[in-house]
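Structure, as structure tokens:
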Amino acid sequence: MMQTRRQRAVLSAQSRPHLKRHVRLQFDPVRSAWAVLSPEKVFWPDEVSLDILRLCDGQHTVPQIVDELAGQYDAPRQDIAPDVEEFLQEWSDRFLVTL
């Protein structure tokens, strides 16, 4: 029996992250909070994570996401870039975001 191993996608400046087809953002009116729904899993992202995920539309590159968030939060780009990149890589590793 032959097993195939998934090759890890690695984030790059050219990546245009988007949510996997089976993942969606949905507002939960009972909790008044946004949820990330995936088969058999629910994530409750904080405000910053939610802002990153909303920009994962397949149109924005990673540098564009960082620029957008730097403007939103009035923060130096170089300060937030490592956190954004780490978040996107982690969510890709969890099969929630496609790079």
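The values are calculated or read from the model by the stated rules, or taken from the named source; none is laboratory data. Note that the structure is predicted; figures quoted are calculated from it, not measured. Every residue, glycine as well, gets a Cβ built from its backbone with ideal geometry; the counts of neighbours run over all protein chains shown. To get the accessible areas, we keep the full protein, side chains included, count just its heavy atoms, and leave off ligands, DNA and RNA. Shrake-Rupley method; radii C 1.70, N 1.55, O 1.52, S 1.80 Å.
On inspection, PHE43 passes the criterion of being of a type in the set (Phe, Trp, Tyr), under 17 Å from PHE95 (Cα atoms) and open to solvent by 20 Å² or more (accessible area, probe 1.4 Å).
Considering the conditions (1) under 18 Å from ARG16 (Cβ atoms); (2) open to solvent by less than 80 Å² (accessible area, probe 1.4 Å); (3) assigned to a helix (DSSP H, G or I), SER49 is excluded by exactly one of them, (1). Summed over segment 28-40, the residues that are surrounded by fewer than 10 Cβ atoms within 10 Å (Cβ to Cβ) and modelled with pLDDT of 95 or more give a count of 4. Among the residues making up segment 68-82, those that are under 24 Å from VAL23 (Cβ atoms) and surrounded by 14 or more Cβ atoms within 10 Å (Cβ to Cβ) are GLU68, LEU69, ILE80, ALA81. For PHE87, the stated conditions do not hold, so it cannot be described as assigned to a loop (DSSP other than H, G, I, E, B) and either open to solvent by 40 Å² or more (accessible area, probe 1.4 Å) or under 22 Å from SER12 (Cβ atoms) (or both). Screening LEU96 against (1) farther than 18 Å from GLN14 by Cα; (2) open to solvent by 10 Å² or more (accessible area, probe 1.4 Å) leaves a single unmet condition, (2).
Within segment 52-84, the set of residues being among the basic types (Lys, Arg) and assigned to a strand (DSSP E or B) is empty.
Residues considered: SER12, SER49, SER32. Of these, the only one that is of a type in the set (Gly, Ala, Ser) and over 25 Å from ASP79 (Cβ atoms) is SER32. Contact map, segment 50-77: first residue touching a residue at least 40 places away in the same chain (Cβ under 8 Å), second residue buried (at least 17 other Cβ atoms within 10 Å of the Cβ) and part of a loop (DSSP other than H, G, I, E, B), Cβ cut-off under 6 Å, separation 6 or more or different chains; pairs are CYS56/PRO17; VAL62/SER15; ILE65/LEU55.
The one condition from (1) open to solvent by 30 Å² or more (accessible area, probe 1.4 Å); (2) more than 23 Å from PHE43 (Cβ to Cβ) that THR61 does not meet is (1). Applying the set (1) out of contact with any Ser or Thr (no Cβ under 6 Å at 6 or more places or on another chain); (2) part of a loop (DSSP other than H, G, I, E, B); (3) touching a residue at least 24 places away in the same chain (Cβ under 8 Å); (4) open to solvent by less than 60 Å² (accessible area, probe 1.4 Å) to ALA9 leaves exactly one unmet item: (1).
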